Amino acid sequence: MEVLCEAANGTRVTRAKSYIILNDLRPDEREGVLCGWFSGKESAEWNDIEPNSFRMRLVGIAGRDSVFGPWAMVPAGAYRR
């Protein structure tokens with residue numbers, strides 16, 4: 001599954017994408033996700049925006065169809081700038 005990540009400061013937004021591989025994940029198991037703005041254009045966007053909010057959502061993909069989950073806000077302090 002894809003994980004869409006969005007960091008914002010007011011109307012200024014930058015996005016990143018991560019993935020979760022569900023093959024070996026048990027129903028009672030949690031999986032960590034790393035959304036990164038590590039280098040290049042993405043890193044410059046993060047620095048320019050100086051985000052003060054962060055949210056993420058799951059995207060299931062089956063063939064040509066996508067199912068988007070709701071956006072979930074990440075509590076302040078749970079992510080690093």
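Loop-resident chymotrypsin sites (Phe, Trp or Tyr not before Pro) (DSSP state other than H, G, I, E or B) in the chain with no more than 16 further Cβ atoms inside 10 Å of their Cβ: PHE38, TRP71, TYR79. Within the accessible area of the chain, the carbon and sulfur atoms contribute 50%, probe 1.4 Å, all protein chains present. Rounded to the nearest 10 degrees, the inclination of helix 40-49 to the longest alpha-carbon principal axis of the chain is 60 degrees. Per residue, the chain exposes 76 Å² of solvent-accessible protein surface, assessed with a 1.4 angstrom probe and all protein chains in place. Considering only ALA44, ALA16, ALA62, give the residue with the highest GNM mean-square fluctuation for the chain, with springs between Cα atoms whenever their separation is below 10 Å. Checking each option, the largest mean-square fluctuation is seen for ALA62. Within the chain, the longest run free of GluC sites (Glu not before Pro) that sit in a DSSP loop with at most 16 other Cβ atoms within 10 Å is 32-81. Listed values for segment 4-13 are Karplus-derived 3J(HN,Hα) couplings in whole Hz (6.51 cos²θ - 1.76 cosθ + 1.60, θ = phi - 60°), namely 8, 10, 9, 10, 9, 9, x, 8, 8, 9, and x replaces Gly and Pro. For segment 1-78, the list of trypsin sites (Lys or Arg not before Pro) that fall in a loop by DSSP and count at most 15 other C-beta atoms within 10 angstrom reads ARG30, ARG64. A Gaussian network model of the chain, with springs between Cα atoms under 10 Å, assigns the largest mean-square fluctuation among ASP65, ASP24, ASP48 to ASP24.
Result for the chain in a Gaussian network model with C-alpha springs under 10 Å: among VAL67, VAL33, VAL13, the largest mean-square fluctuation is at VAL67.
Around the amide H of CYS35, modelled in the peptide plane, lies no amide H under 5 Å away from a residue 5 or more places distant or on another chain.
With the helix formula -39500 (n - 2.57) applied to DSSP H stretches of n ≥ 4, the chain reaches a computed 222 nm mean residue ellipticity of -3500 deg cm²/dmol.
Evaluated on the chain, the Kirkwood hydrodynamic radius is 13.9 Å, with distances taken between all distinct Cα atoms. Under 5 Å between amide hydrogens, built in the peptide plane, is the criterion, and for VAL74 it picks out PHE54, ARG55, MET56 among residues at least 5 positions away or on other chains.
The values are calculated or read from the model by the stated rules, or taken from the named source; none is laboratory data. Please read all numbers here as calculations on a predicted model, not as lab measurements. Cβ sites come from the backbone with ideal geometry, for glycine too, and all protein chains shown count toward neighbours. To get the accessible areas, we keep the full protein, side chains included, count just its heavy atoms, and leave off ligands, DNA and RNA. Shrake-Rupley method; radii C 1.70, N 1.55, O 1.52, S 1.80 Å.
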